[in-house]
Amino acid sequence: MSENIIAIVGRPNVGKSTLFNRLTAARTAIEEKMPGVTRDRLYGLTDWRGHNLVIIDTGGITFGSEDQLTTQVQRQVNLAVEEANLIIFLLDGREGLTALDKEVAEMLRKSGKTVIVAVNKLDVFSMEDDRYNFYSLGFGEPVAISASHGRGIGELLDLVYNNLGGGQDVSSPDLEDLVKVAVIGRPNVGKSSMINTLLGKERVVVSQLPGTTREAVDTHFRYKDQPCMLIDTAGMRRKSKVKDAVEYYSVVRSLKAVRRADVALLLIDGESGITEQDQRLAGYVDQEGKGLVLVVNKWDLVRDRENARQLFLAELKRKFSFVAYAPHIFISALSGWRLDKLFPLVMQAWQEQHKRIPTALLNELLEDVLAVNPPPAVKGKRVKIYYVTQPEVKPPKFVFFANEPELIHFSYQRYLENRLRESFNFSGTPIVIKFKKRERRGDN
C-alpha cells in the first residue's frame with residue numbers, strides 16, 4: 001500500500017461517512033443518522049495539491065461490549081489504524097466532548113500514529129470557537145469543519161498534506177487494465193468470508209447475521225501481476241423484504257457495483273440450493289452485459305452426500321439456462337477449498353469480454369452458417385444476411401446486415417449466437433447480436 005493512508009476514526013454518528021464521501025467526492029459510504037451503519041473499512045482516493053491520498057472510512061468505536069458484531073467492527077478499526085500513517089480523529093462539535101471520545105483518544109495515543117483532531121458539525125462561522133473544547137485531548141489545535149456543508153475541508157486537507165511531509169504520490173493502477181470483480185449474492189451466502197480467504201486477511205466484517213455488509217467495499221490487489229479490484233456488496237433480497245432505508249440503499253449500491261464491475265461472482269448457497277433471487281441476480285448481470293461466474297459455496301457441507309454434485313449440476317443447468325455461457329465452480333469460502341481455481345475463471349471471462357474477432361473470420365463463419373442453415377422465409381419474403389462485423393467489446397457486440405432484419409426470428413438469433421460461441425468461445429461473457437437494414441439492388 002501507499003505511504004499516504006489516512007483513516008477517519010471516531011465514535012458512532014459523528015459524521016465519518018459524510019466526511020469520507022466529501023473527501024472522495026463519491027457517494028460510496030452510506031450516510032444515515034443511526035449509530036453503527038458503517039461496519040467495514042472503506043477505501044477511497046482523493047487528490048490534494050497534486051498528490052493522491054488513500055482515505056479509509058471506519059465503523060464507530062464503542063468499548064465494553066461483548067457483542068460479536070461490535071467486536072469485529074472494533075477489529076476493523078484497529079486494522080485501519082494499523083494500516084494508516086495518519087489518523088483524522090473526528091468529533092461532534094454539537095454534542096461536545098464525551099467520555100467515549102476520551103477513550104478513543106487514549107486508544108489513538110497508544111497507536112503512535114500522527115493524529116489530527118477534526119471537530120465536525122460546526123456548520124456556521126459563529127460555532128467555530130466550540131472546537132477549543134477539544135484541546136484537552138492533547139493532539140494539538142483542532143480543525144473546525146462541516147462535512148455535510150464542506151466548510152473547513154480545504155484547511156483539513158492542508159493539515160493532512162503538511163503532516164505527511166508534503167505528500168508522496170500514490171500510484172494507482174491504470175483503470176483500463178484494472179479487472180473489477182463484484183461479489184454478489186443473497187445475504188449470508190459467504191461473500192465476505194470468500195474475500196477474506198482470498199486475500200488472506202480480514203478485509204470485511206464476517207458474521208452469521210444476514211446483512212452484515214451494507215456498503216460496497218473495494219479492495220485492490222494483484223493476481224499474477226494483474227491489477228484487480230474486488231467489490232464486496234451487501235446481500236441482495238427482493239424489494240418486498242427490504243425493511244428500512246439503510247438496507248434499501250445497500251441494495252441500490254450493490255446493483256451499482258455490478259454496473260461498474262467487469263465480472264460478477266454470483267455466490268450461491270450449496271446447502272440451501274438455488275433460489276429465484278439467485279436467478280434474478282444472474283439476469284441482472286446478463287442484462288448489464290457483464291462477465292459472470294457462478295460460485296457454489298459451502299460445498300464442504302454437501303459434497304459427501306450421494307449424487308449431490310450431479311443433482312446440483314442438473315439444477316444449475318436448468319435454472320441458469322439463460323446464462324449458459326457462465327462457468328461454474330464449487331468451493332468452500334471458509335476453508336479455502338478450490339478457491340485457487342476461481343480467479344482463472346474470472347480472468348478468462350475478462351479476456352473473453354475484450355475479445356475482438358477479425359471481420360474476415362466472422363464472414364467466413366457466416367458463409368458456413370448460411371450454407372448449412374439459412375434464415376427461413378417469412379410470409380413469402382426471403383431473408384438475406386449479407387455480412388457481419390464486431391464494432392464493440394465489453395461485451396462483444398456483433399451486427400448482422402440483412403435485407404429484412406425485422407423478420408429474423410429470435411430462435412435464429414440464438415442459433416447465430418451458438419455458432420459464434422462454438423467457433424470463438426466467449427466463455428463467461430454475454431454477447432450482443434443486432435440486425436441492421438442493408439439494401440442491395442435486385443433484392444425482392
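So in region 316-337, with the set limited to residues that are open to solvent by less than 40 Å² (accessible area, probe 1.4 Å) and outside any loop (DSSP other than H, G, I, E, B), which one is nearest to Phe426 (Cα to Cα)? I'd like the intermediate steps shown before the answer.
Taking region 316-337 as the starting set, the residues that turn out to be open to solvent by less than 40 Å² (accessible area, probe 1.4 Å) are 316, 320, 323, 325-327, 329-333, 336.
Now restrict to residues that are outside any loop (DSSP other than H, G, I, E, B): 316, 323, 329-330, 332.
On the way: Leu316: 19, Val323: 12, Ile329: 17, Phe330: 21, Ser332: 27 Å.
My answer is Val323.
Condition check: more than 20 Å from Thr18 (Cα to Cα) and touching a residue at least 40 places away in the same chain (Cβ under 8 Å). Does Leu90 satisfy that? Against the criterion (more than 20 Å from Thr18 (Cα to Cα) and touching a residue at least 40 places away in the same chain (Cβ under 8 Å)), Leu90 does not qualify.
Looking at this structure, is Pro391 touching a Pro at 6+ places or on another chain (Cβ under 6 Å) and closer than 17 Å to Gly289 by Cα? Spell out how you get there, then give the answer.
Details: touching a Pro at 6+ places or on another chain (Cβ under 6 Å): no; closer than 17 Å to Gly289 by Cα: yes.
Judged against the criteria, Pro391 is not a match.
Looking at Glu404, is it of a type in the set (D, E, K, R), modelled with pLDDT under 95, surrounded by 15 or more Cβ atoms within 10 Å (Cβ to Cβ) and in contact with a strand residue (DSSP E or B) (Cβ under 9 Å, 6 or more places away or on another chain)? Judged against the criteria, Glu404 is a match.
Within region 46-70, restricting attention to residues that are polar (S, T, N, Q) and modelled with pLDDT of 75 or more, which residue is farthest from Gly10 (Cα to Cα)?
The residue in question is Thr46.
Counting the residues of region 333-350 that are modelled with pLDDT of 95 or more and either among the small types (Gly, Ala, Ser) or closer than 30 Å to Tyr386 by Cβ (or both) gives 1. Pairing each residue of region 277-299 that is over 18 Å from Pro396 (Cα atoms) with any residue that is modelled with pLDDT under 95 and open to solvent by 30 Å² or more (accessible area, probe 1.4 Å), provided the two are 6+ apart or on different chains, yields C-beta distances under 7 Å for Gln277/Arg186; Gln277/Arg237; Gln277/Arg238; Asp278/Arg186; Lys298/Glu271. The lone criterion from (1) in contact with a Pro (Cβ under 8 Å, 6 or more places away or on another chain); (2) closer than 20 Å to Val263 by Cα left unmet by Tyr412 is number (2).
Given the structure, is Ser427 in contact (Cβ under 8 Å) with a residue 60 or more places away in the chain, of a type in the set (Ser, Thr, Tyr) and closer than 24 Å to Phe320 by Cβ? Steps first, answer last, please.
Working: in contact (Cβ under 8 Å) with a residue 60 or more places away in the chain: yes; of a type in the set (Ser, Thr, Tyr): yes; closer than 24 Å to Phe320 by Cβ: yes.
Considered against the rule, which asks whether it is in contact (Cβ under 8 Å) with a residue 60 or more places away in the chain, of a type in the set (Ser, Thr, Tyr) and closer than 24 Å to Phe320 by Cβ, Ser427 comes out as yes.
Of everything in region 282-314 that's acidic (Asp, Glu) and over 26 Å from Asp262 (Cα atoms), which residue is surrounded by the most Cβ atoms within 10 Å (Cβ to Cβ)? The selected residue is Asp300. For region 300-330, which positions are of a type in the set (Asp, Glu) and touching a residue at least 24 places away in the same chain (Cβ under 8 Å)? Once the filter is applied, which keeps residues that are of a type in the set (Asp, Glu) and touching a residue at least 24 places away in the same chain (Cβ under 8 Å), region 300-330 yields Asp300, Glu315.
Identify the residue in region 338-353 that is closer than 30 Å to Leu301 by Cα and hydrophobic (A, V, I, L, M, F, W, C) and, among all such residues, is surrounded by the most Cβ atoms within 10 Å (Cβ to Cβ). Write out each step before concluding.
Within region 338-353, the subset closer than 30 Å to Leu301 by Cα is 338-349.
This time we only want the ones that are hydrophobic (A, V, I, L, M, F, W, C), so: 339, 342-343, 345-347, 349.
Values: Leu339: 16, Leu342: 18, Phe343: 19, Leu345: 21, Val346: 24, Met347: 19, Ala349: 26.
Filtering region 338-353 for residues that are closer than 30 Å to Leu301 by Cα and hydrophobic (A, V, I, L, M, F, W, C), the one surrounded by the most Cβ atoms within 10 Å (Cβ to Cβ) comes out as Ala349.
Is it the case that region 429-440 has a residue that's open to solvent by 60 Å² or more (accessible area, probe 1.4 Å) and of a type in the set (Ser, Thr, Tyr)? Among the residues of region 429-440, not one is open to solvent by 60 Å² or more (accessible area, probe 1.4 Å) and of a type in the set (Ser, Thr, Tyr), which makes the answer no. Close Cβ contacts (under 9 Å, 6 or more residues apart or on different chains) running from residues in region 151-162 that are closer than 20 Å to Ala84 by Cβ to residues that are assigned to a helix (DSSP H, G or I) comprise Ile153/Leu19; Ile153/Arg22; Ile153/Leu23; Leu156/Leu19; Leu156/Leu23; Leu157/Leu23. One residue stands out in region 263-280 among those that are open to solvent by less than 10 Å² (accessible area, probe 1.4 Å) and under 19 Å from the mean Cα position of the chain (by Cα): the one that is modelled with the lowest pLDDT, namely Asp278. The lone criterion from (1) exposed (fewer than 14 other Cβ atoms within 10 Å of the Cβ); (2) under 20 Å from Val263 (Cβ atoms); (3) without any contact (Cβ under 8 Å) to a residue 12 or more places away in the chain left unmet by Arg356 is number (3).
The values are calculated or read from the model by the stated rules, or taken from the named source; none is laboratory data. Values in this document were obtained by computation on a predicted structure and should not be read as measured data. Glycine gets a Cβ as well: all are built from the backbone with ideal geometry, and neighbour counts include every protein chain shown. Accessible surface areas use protein heavy atoms only, side chains included; no ligands, DNA or RNA. Shrake-Rupley method; radii C 1.70, N 1.55, O 1.52, S 1.80 Å.
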